[in-house]
Amino acid sequence: MSWKVAIIGSKGRMGEALIASAQKLGIEVVGAVDQGDDPAPAIEACDAVIDFSFHSVTPQISKIAAANEKPLVIGTTGHSPEERESILSNTSYIPIVWAGNFSTGVNILFYLTRKAAEATGPDFQPEVIEMHHRHKVDAPSGTAEGLIKEIRAARNTSEDQIQHGRQGITGERPIEQIGVHALRGGSVVGEHTVMLVSDNERIELTHKAGDRTIFADGAMKAANWALGKPAGLYEMLDVLGLND
Ligand code: NAD
């Protein structure tokens, strides 16, 4: 790997991990961009852009990346539907690898979740549980959203069947429902469990992240993969060759 990267959100927790990962892999950081910096010169000078900043920042970054024909890796989560639409409009011009979680293990969890949800059917009701550090400002996590997407694809579940938490007299659980629960506290990097629960047995698929390095290394792998790829929207599953 010998190429140049621009990192957006460079002073954040992930930004620091990305700079360390680039140094470890021998990738040159030509732009470390944070709040108050002009991202354009860094994007012009790089081969690929990696954004782990704030949801409202990504639309502008994707526009500048598209204008300069630079591949973009998006790790930032919490985008509004309008922000998503604005970012997606640039997939006609550049390859964008967009993932709620760049760890290899979590992407294998996505794959296993889809296969398990397909193989079981409605007798096994899905619940998704995630836990993160107390500083996280959005819920559920981008990874939990990805797990919900896999279950919905396998089960053809409609949006209104997604149940975020439960409180009070909730009524019986509809079998097609996907329950989603967000736990917060301490310095937990990220933990996700998908349960598929039937009357007499329960499958639990769990991933626990030990360190932010896994996301940073995965994002670097994705950016390297995206160099020279045709314009379009890609996931980490594409990078890992698991999108069957
Ligand atoms: P953080 O708050 O520590 O860092 C965010 C950084 O972005 C800060 O330094 C902030 O100053 C900077 N920023 C804000 N506005 C900016 C702007 N206009 N231009 C440039 N930089 C700007 O957060 P974090 O823990 O590093 O996470 C960043 C994002 O990445 C979050 O959305 C988080 O959910 C996501 N994340 C994704 C993955 C993944 O694998 N996809 C993994 C971890 C975190």
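Conditions (1) more than 16 Å from the ligand (Cβ to nearest atom); (2) more than 21 Å from K11 (Cα to Cα), marked per residue:
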| residue | (1), (2) |
| --- | --- |
| A65 | no, no |
| N68 | yes, yes |
| G75 | no, no |
| G78 | no, no |
| R84 | no, yes |
| L88 | yes, yes |
| S92 | yes, yes |
| V97 | no, yes |
| N101 | no, no |
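For I96, the criteria (1) surrounded by 19 or more Cβ atoms within 10 Å (Cβ to Cβ); (2) in a loop (DSSP other than H, G, I, E, B) hold in every case but one, which is (2). Per this entry, K11 is counted among residues that are within 12 Å of the ligand (Cβ to nearest atom) and open to solvent by 60 Å² or more (accessible area, probe 1.4 Å).
Filtered by the rule that a residue be touching a residue at least 24 places away in the same chain (Cβ under 8 Å) and open to solvent by 70 Å² or more (accessible area, probe 1.4 Å), region 189-200 gives a lone residue, D199.
The set of residues in region 14-28 being surrounded by 14 or more Cβ atoms within 10 Å (Cβ to Cβ) and part of a helix (DSSP H, G or I) consists of M14, G15, E16, A17, L18, I19, A20, S21, A22, L25. Annotation: of all residues in region 127-164 being basic (K, R) and open to solvent by less than 60 Å² (accessible area, probe 1.4 Å), the one that is farthest from the ligand (Cβ to nearest atom) is R155. Could you check, for region 44-51, whether at least one of its residues is in contact (Cβ under 8 Å) with a residue 40 or more places away in the chain and in contact with a His (Cβ under 6 Å, 6 or more places away or on another chain)? The answer is no, given that none of the residues of region 44-51 is in contact (Cβ under 8 Å) with a residue 40 or more places away in the chain and in contact with a His (Cβ under 6 Å, 6 or more places away or on another chain). Assigned by TED's automatic domain parsing to the domain that holds P122, more than 25 Å from V97 (Cβ to Cβ) and open to solvent by less than 60 Å² (accessible area, probe 1.4 Å), is that true of G186? Answer is yes for this residue. Among the residues of region 33-59, the ones that are open to solvent by 50 Å² or more (accessible area, probe 1.4 Å), within 10 Å of the ligand (Cβ to nearest atom) and of a type outside the set (D, E) come to 5 in all.
The values are calculated or read from the model by the stated rules, or taken from the named source; none is laboratory data. Computed from a predicted structure; not experimentally measured. Because the Cβ atoms are built from the backbone with ideal geometry, glycine has one as well, and the counts that use them run over all protein chains shown. Areas reflect the complete protein model, heavy atoms only, side chains present, ligands, DNA and RNA absent. Shrake-Rupley method; radii C 1.70, N 1.55, O 1.52, S 1.80 Å.
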